[in-house]
């Protein structure tokens, strides 16, 4: 058999927010062996690639010395594909709109490389949408035209200059013009349009659309350049010209969201962070996923396997986390242990999320403390039911010893602590990025859901970078650890759940 044929995927990464990538784009990225990405690609998307994927930065930021020339970039794509690898060319926005995706596709065809194009959400439409500017409107704009505005007109020649004049003239009839790559030549571009359009024609600019750094200004073609200069806006930005731009003042939904403009770092394990990140993004935050914990199999299953052999002998099984629930059930399946072997034991759960995971498997919780910490389970079970009981605690390999010690002190006959998983620091995390943001004061809040996330975060970014950062802690133990590490705890919910933590973060910033 011959070598596996490689393939190149030209994937649109979207305009900036990582959750605006298409479903197809995410599916391909999760199977990538090589990812060649641009400057405007969200770092959160790179985390979707497999841990062993080769990541190649292609640059594409004006004046960035790290840029890869187009010829060299084409060579990389072709070379990796010929080696039989799945190559993802991850491009900001859409690969075939206002970029060189077409040139890359031509190079692939010439080299005999199979490729696929995965369209993406382009900033040409996303930036106006996130600024509340409809590009067409029954009363204000009957058509839309897109135009690049390079500072160097020799790149596009006389035809582009003619197109500018024609489109500007046509805009008088009720159209919308969208200018891309206009930051460096904004003043000249608006002056050119002013030759054909009234000086009072509405115009708007949107910088870093769809991210926490988004800023928009609505003015006129005569005043917009001065307003942009005064506000210090620059690239990347999109300019909108036409009567529809006036609606940005009323329909700017994104910049009115509760967490708009806030950059929040979440430190949960990646597999557990999806709903937390989604909840914060739904409130307008830019979420930086910085997993400080990775869940693995324990060093040994000996303790839990021995416990499973006599599972029917336990009076109570107490779960301290949702992960403990899932990992115990996985081990039972692997060992062929019938769930009915646990029928004689009552179940305790610390926290409603842990209880919900048990409920998802039709396992009813008999003890759920009102306060979601290990010590409170004693009161929930009741001292009379603890005395003389045999208790199993499937949990993390390393955890606080308070619960088993308190159970023994309360008169339990036997307490078996059996590791079903362990946590460790992840092998690949955007450490330098987070460290630089911390030092630059570009992090509004770091959210912690356990003491281990605090400890690992400080070790990964360095105590100096972490000290003084504002923190959200899910509970008092986590908050105590954060304060001891020099973090300023400003958010602590009454209930120790991720949902309550999300609400508390929203309330703090509002």
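Observations on the model:
- Residues of segment 270-294 that turn out to be surrounded by fewer than 18 Cβ atoms within 10 Å (Cβ to Cβ) and within 25 Å of residue 327 (Cβ to Cβ), as a count: 4
- Hey, residue 455 in the same structural domain as residue 478 (by TED's automatic domain parsing) and crowded, with 21+ Cβ neighbours inside 10 Å or not: no
- Selection count where residues are within 12 Å of residue 91 (Cα to Cα), in contact with a helix residue (DSSP H, G or I) (Cβ under 7 Å, 6 or more places away or on another chain) and in a loop (DSSP other than H, G, I, E, B), scope segment 33-51: 1
- Hits in segment 318-356 - residues which are within 20 Å of residue 493 (Cα to Cα) and part of a helix (DSSP H, G or I): 322, 352, 353, 354, 355, 356
- Any chance residue 368 is touching a strand residue (DSSP E or B) at 6+ places or on another chain (Cβ under 7 Å) and within 24 Å of residue 306 (Cβ to Cβ): no
- Boolean, residue 494 is at pLDDT below 95, surrounded by fewer than 18 Cβ atoms within 10 Å (Cβ to Cβ) and in a helix (DSSP H, G or I): no
- So residue 21, is it in the same structural domain as residue 248 (by TED's automatic domain parsing), touching a strand residue (DSSP E or B) at 6+ places or on another chain (Cβ under 6 Å) and either under 25 Å from residue 263 (Cα atoms) or buried (at least 22 other Cβ atoms within 10 Å of the Cβ) (or both): no
- Filtered by the rule that a residue be within 13 Å of the chain's Cα centre (by Cα) and in a loop (DSSP other than H, G, I, E, B), segment 14-32 gives 16, 17, 21.
- Qualifying positions in segment 468-484 - modelled with pLDDT under 95, surrounded by 14 or more Cβ atoms within 10 Å (Cβ to Cβ) and not in a helix (DSSP H, G or I): 474, 475
- The residues listed here are 141, 131, 145; of these, the one that is at pLDDT below 95, buried (at least 20 other Cβ atoms within 10 Å of the Cβ), over 20 Å from residue 12 (Cβ atoms) and touching a helix residue (DSSP H, G or I) at 6+ places or on another chain (Cβ under 8 Å) is 141.
- Here the condition is being under 24 Å from residue 50 (Cβ atoms) and either modelled with pLDDT of 95 or more or in the same structural domain as residue 17 (by TED's automatic domain parsing) (or both); of 89, 100, it holds for 89 alone.
- Residue within segment 406-418 that is surrounded by fewer than 19 Cβ atoms within 10 Å (Cβ to Cβ), touching a strand residue (DSSP E or B) at 6+ places or on another chain (Cβ under 9 Å) and within 27 Å of residue 501 (Cβ to Cβ) present: no
Yes or no, residue by residue, for (1) assigned to a strand (DSSP E or B); (2) under 27 Å from residue 423 (Cβ atoms):
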| site | (1), (2) |
| --- | --- |
| 365 | no, yes |
| 369 | no, yes |
| 377 | no, yes |
| 388 | no, no |
| 395 | yes, yes |
| 404 | no, yes |
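- Subset of segment 300-332 that is touching a strand residue (DSSP E or B) at 6+ places or on another chain (Cβ under 7 Å) and surrounded by fewer than 19 Cβ atoms within 10 Å (Cβ to Cβ) - its residue that is farthest from residue 475 (Cα to Cα): 313
The values are calculated or read from the model by the stated rules, or taken from the named source; none is laboratory data. Just so you know, these numbers come straight off a predicted model, no measurement behind them. Cβ: placed from backbone, ideal geometry, glycine included. Neighbour counts: every protein chain shown.
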